[in-house]
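Novice: This is the structure I want to talk about, given as C-alpha cells.
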Amino acid sequence: MTDKIHPALISALNTLGLTTYEAKVYAALVLYDQAGARDLIDFLQISKPSIYESLQKLQDLGLVIKRYSKPAQFAPVHPETALRALLEAHTHAAAVAGAELELLRRENITEDQDEAVWSVYGNATVEHKIRDLITGADHQIVCVMGERYVPIFYEAKIRRPAISLTIISDNPILEQEIKEKFRSIDATIRVIATPGPECMPRPPDSNPDIDQYIEIRNVLDLVVDDREAFSIPPIRAKKLSGLHSGNKVVIMMTRDRISGFSRHLGSCPGPSHTQ
C-alpha cells in the first residue's frame, strides 16, 4: 500500500518544510481520510515515537486535527488548505530572513573587503551575480552592456535607485520596452547599434586577427553605489567569466571605462537613442 505514496510527493513536501516522516504521515492520512496512530505505524512501518512526534508537529502546523476518541483518531485538513499554510509559512520565513540578512549585510565587519578581486565563472553564476548586485543597489546603478543582460534587469527587484544604462543592441523596439519597464524609476537609457569591428576600441599595434576573438554582445561593465564593480570583457567564449570587486581603484577604473566606452560607441556610425 505504501507504494501509493509517490516519492515525488514526499520530496515536494520536504521542500515545503516537512520532514520525511511528517510528509509520509500527512500523505497517509489523506489516503485514509482519518486514522489512528496504530494504523499509521502498521501502514508506514515507522516507529511509534516517530509517528507521535510527526503527528504533534503536523497538529502544531495546523495540518492535522486530533479527534479525541478511544483510540484517538487523526484527520488531515484539506490538501489545498495544508499547502496554503505551508506556503504562507515559507513566505513569512523568507520575509524575516530577508530583513535580518539585509541588516547583517549593512553591518558587514570585514575590514579588508574592498581589497578583494573575485573571479566569477559560468553563465548561471555570472547572471546570479549581476542580479545580486543590482537587487542590492541602494542609490545608483551605472552600466554599459550587451543586450543579452537586459532580461536580468527586467527580472530583478530593483529598489528604485537612479539607473544609467548604455545598451548595445540592434533590436528596434528595445528602447521602447526599456522605457516602459523603467518608467517609474530615475533612469537614463541609451540604446546604441552594435558597432562594426572597425569601431571597436583596440590597443595600438594590435594583432589584425583580434576581431575573431571579440564578441561585443558579451561585454558588461557595472558599478553599483560606487561600492562594487563587476566586469565581463567582450571576448568570444562559450562560458561567461568576469571580475567582481569592492576595491575603490577597480571601481574608479570601471567607471572610467564605462564613460569612455559609452562615448566611443556613441561616436560610431549607426542609430542611437537617448531617454
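Novice: Of a type in the set (Val, Ile, Thr) and over 30 Å from residue 190 (Cβ atoms), is that true of residue 130?
Specialist: Values: of a type in the set (Val, Ile, Thr): yes; over 30 Å from residue 190 (Cβ atoms): no.
Spelling it out, it is not the case that residue 130 is of a type in the set (Val, Ile, Thr) and over 30 Å from residue 190 (Cβ atoms).
Novice: Output the residues belonging to segment 208-253 that are among the charged types (D, E, K, R) and either surrounded by 18 or more Cβ atoms within 10 Å (Cβ to Cβ) or in contact with a strand residue (DSSP E or B) (Cβ under 9 Å, 6 or more places away or on another chain) (or both).
Specialist: 215, 217, 221, 225, 226, 228, 236, 239
Novice: What is the residue count in segment 172-184 for residues that are open to solvent by less than 90 Å² (accessible area, probe 1.4 Å) and modelled with pLDDT of 80 or more?
Specialist: So the count comes out to 6.
Novice: Mind listing just one residue for me: the one in segment 35-49 that is small (Gly, Ala, Ser) and surrounded by fewer than 18 Cβ atoms within 10 Å (Cβ to Cβ) and, of those, farthest from residue 86 (Cα to Cα)?
Specialist: 47
Novice: Quick check on segment 155-189: of everything there that is over 19 Å from residue 128 (Cα atoms) and of a type in the set (Asp, Glu), which residue is farthest from the chain's Cα centre (by Cα)?
Specialist: Top of the filtered list is 170.
Every residue, every condition in (1) more than 20 Å from residue 33 (Cα to Cα); (2) modelled with pLDDT of 90 or more, yes or no:
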{"residue": "70", "(1), (2)": "no, no"}
{"residue": "79", "(1), (2)": "no, yes"}
{"residue": "82", "(1), (2)": "no, yes"}
{"residue": "103", "(1), (2)": "yes, no"}
{"residue": "117", "(1), (2)": "yes, no"}
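Novice: Cβ-Cβ distance below 9 Å, separation of 6 or more or different chains: which pairs start in segment 6-33 with a residue that is closer than 15 Å to residue 63 by Cα and open to solvent by 50 Å² or more (accessible area, probe 1.4 Å) and end on one that is outside any helix (DSSP H, G or I) and of a type in the set (Gly, Ala, Ser)?
Specialist: Within 9 Å, the pairs are 32/75; 33/75.
Novice: May I ask you to list pairs of residues, at least six apart or on different chains, whose Cβ atoms are under 7 Å apart, with the first in segment 103-119 being charged (D, E, K, R) and the second being open to solvent by less than 100 Å² (accessible area, probe 1.4 Å) and at pLDDT 70 or above?
Specialist: Within 7 Å, the pairs are 114/246; 114/247; 115/247.
Novice: Which of (1) basic (Lys, Arg); (2) modelled with pLDDT of 90 or more; (3) open to solvent by less than 70 Å² (accessible area, probe 1.4 Å) is the odd one out, the single condition residue 190 does not satisfy?
Specialist: Every condition holds for residue 190 apart from (2).
Novice: I would also like to ask the following. Anything in segment 141-158 that is open to solvent by 70 Å² or more (accessible area, probe 1.4 Å) and in contact (Cβ under 8 Å) with a residue 60 or more places away in the chain? List them, or say none.
Specialist: 148
Novice: Starting from residues that are in a helix (DSSP H, G or I) and under 15 Å from residue 234 (Cα atoms), keep the ones in segment 193-208 and report whichever is modelled with the highest pLDDT.
Specialist: 199
The values are calculated or read from the model by the stated rules, or taken from the named source; none is laboratory data. This is a predicted model, so every value here is computed, not measured. Methodologically, a virtual Cβ is constructed for each residue, glycine included, from the backbone with ideal geometry; neighbour enumeration extends over all protein chains shown. Heads up: the accessible areas ignore ligands, DNA and RNA and are worked out on the full protein's heavy atoms, side chains in. Shrake-Rupley method; radii C 1.70, N 1.55, O 1.52, S 1.80 Å.
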